[in-house]
Amino acid sequence: MRAFAAVAEHLHFRDAAAAIGMSQPALSGAVSALEEALGVTLVERTTRKVLLSPAGERLAVRAKAVLDEVGALMEEAEAVRAPFTGALRLGVIPTVAPYLLPTVLRLVHDRYPHLDLQVHEEQTANLLEGLAAGRLDLLLLAVPLGVPGVAELPLFDEDFVLVTPLDHPLGGQRDIPRSALRELNLLLLDEGHCLRDQALDICRDAGRDDVPATTTAAGLSTLVQLVAGGLGVTLLPRTAVKVEISRSSGLRTGFFTDPAPTRRVALAMRAGAARSAEYEELAAALREAMEDLPVRILAA
């Protein structure tokens, strides 16, 4: 097909052969083989010039389009073979995205400039569905997930803190026992957020079986504003404190006694993913980039 396209362009066997680096006999043989395979005459050969047959004129356009697409396919395959190139569709949960994405985006910009990072913020269930369906390549979220076919690459552990109004007796304390959660008016995120489930687990560990959902919020920003308005207290991961507490002067932060309640954040990928080595390298780079955050970096 390359031989025929060259002949169609140059209308001269010698010039066409030189253009694609073939000998003239090999090029002529290739065109004849294509004519035999298609069952049509593409080129009318004379002693003085080369003409395209009517069929050749029609198929020359299609041949060029096919060759262009094959070239694009080869370029894409080369990009796939090269690490940290092409698209990477990253899913992130809402209670992680605002606080870790600046670090992730800076790392990708500085270290992986040819990576086309595409970010999708969704709740955990939707992210896992997207990963299984191939809509997403990699997830950044709280673990453990306990989902078959999903491999986790742990990044760090971070403590939860207690966010209170200014006049709350636990505000600013550094030795709050978990048992204090039994009596507090704890505000939670809406159903579907993994942080809500983690907060409920922490309460159960503290000996509290239920938390009345009198007031809930769709995001942490709204949640801390409700706290500032005196509606209750809430649990916040340490990575969110700097951003969220700065939004209001009516908040204080209290710290739990050791061992404080924690959550683990990791990358998650399909087990056996073709780019698993690339994702593991990215996880290692993220651990290094996150060392300045108020977290405990985990070993690979």
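Residues in region 212-226 that are surrounded by 19 or more Cβ atoms within 10 Å (Cβ to Cβ) and β-branched (Val, Ile, Thr): 224 alone. With respect to the stated conditions, residue 247 is touching a Ser or Thr at 6+ places or on another chain (Cβ under 9 Å), assigned to a loop (DSSP other than H, G, I, E, B) and not polar (S, T, N, Q). Take the residues in region 125-145 that are open to solvent by 20 Å² or more (accessible area, probe 1.4 Å) and charged (D, E, K, R); name whichever of them is farthest from residue 103 (Cα to Cα). Filtering first and then ranking leaves 129. Checked across region 215-235, the condition of being modelled with pLDDT under 85, over 28 Å from the mean Cα position of the chain (by Cα) and under 14 Å from residue 261 (Cα atoms) holds for no residue.
Here is a check on your reading of the model: is residue 271 surrounded by fewer than 16 Cβ atoms within 10 Å (Cβ to Cβ), touching a residue at least 24 places away in the same chain (Cβ under 8 Å), aliphatic (A, V, I, L, M) and out of contact with any Asp or Glu (no Cβ under 9 Å at 6 or more places or on another chain)? Here the answer is yes, as residue 271 does meet what is asked. Number of residues in region 169-197 that are among the small types (Gly, Ala, Ser) and either under 27 Å from the mean Cα position of the chain (by Cα) or at pLDDT below 85 (or both) equals 1.
Does residue 195 satisfy the condition of being over 23 Å from residue 127 (Cα atoms) and either touching a residue at least 12 places away in the same chain (Cβ under 8 Å) or in contact with an Asp or Glu (Cβ under 7 Å, 6 or more places away or on another chain) (or both)? No; evaluated as a whole, the condition is false for this residue. Taken over region 44-58, the criterion of being surrounded by fewer than 14 Cβ atoms within 10 Å (Cβ to Cβ) and in contact with a strand residue (DSSP E or B) (Cβ under 8 Å, 6 or more places away or on another chain) is satisfied by 44, 51.
Among the residues of region 276-292, those identified as more than 19 Å from residue 145 (Cβ to Cβ), open to solvent by 40 Å² or more (accessible area, probe 1.4 Å) and either part of a loop (DSSP other than H, G, I, E, B) or not small (Gly, Ala, Ser) (or both) are 281, 288, 291, 292. Scanning region 227-255 for residues that are on the phi < 0 side of the Ramachandran plot and either in contact with a Lys or Arg (Cβ under 7 Å, 6 or more places away or on another chain) or open to solvent by 40 Å² or more (accessible area, probe 1.4 Å) (or both) gives 229, 231, 237, 238, 242, 243, 246, 247, 249, 252, 255. Of all positions in region 74-83, none carries a residue that is of a type in the set (A, V, I, L, M), at pLDDT 95 or above and surrounded by 12 or more Cβ atoms within 10 Å (Cβ to Cβ). Looking only at residues in region 15-43 that are surrounded by 12 or more Cβ atoms within 10 Å (Cβ to Cβ) and not aliphatic (A, V, I, L, M), which one is farthest from residue 71 (Cα to Cα)? Filtering region 15-43 for residues that are surrounded by 12 or more Cβ atoms within 10 Å (Cβ to Cβ) and not aliphatic (A, V, I, L, M), the one farthest from residue 71 (Cα to Cα) comes out as 41. Among residues of region 217-241 that are closer than 25 Å to residue 265 by Cα, those with a Cβ under 8 angstrom from a residue that is buried (at least 19 other Cβ atoms within 10 Å of the Cβ) and aromatic (Phe, Trp, Tyr), sequence gap 6+ or separate chain, pair up as 235/160; 236/160; 237/99; 237/160; 238/160; 239/99; 240/99.
The values are calculated or read from the model by the stated rules, or taken from the named source; none is laboratory data. Everything quoted here is computed from the prediction, not taken from an experiment. Please note: Cβ atoms are built from the backbone with ideal geometry, for glycine as well, and neighbour counts cover all protein chains shown. The protein model used for the area step is the full one, side chains on, heavy atoms only, and it has no ligands, DNA or RNA in it. Shrake-Rupley method; radii C 1.70, N 1.55, O 1.52, S 1.80 Å.
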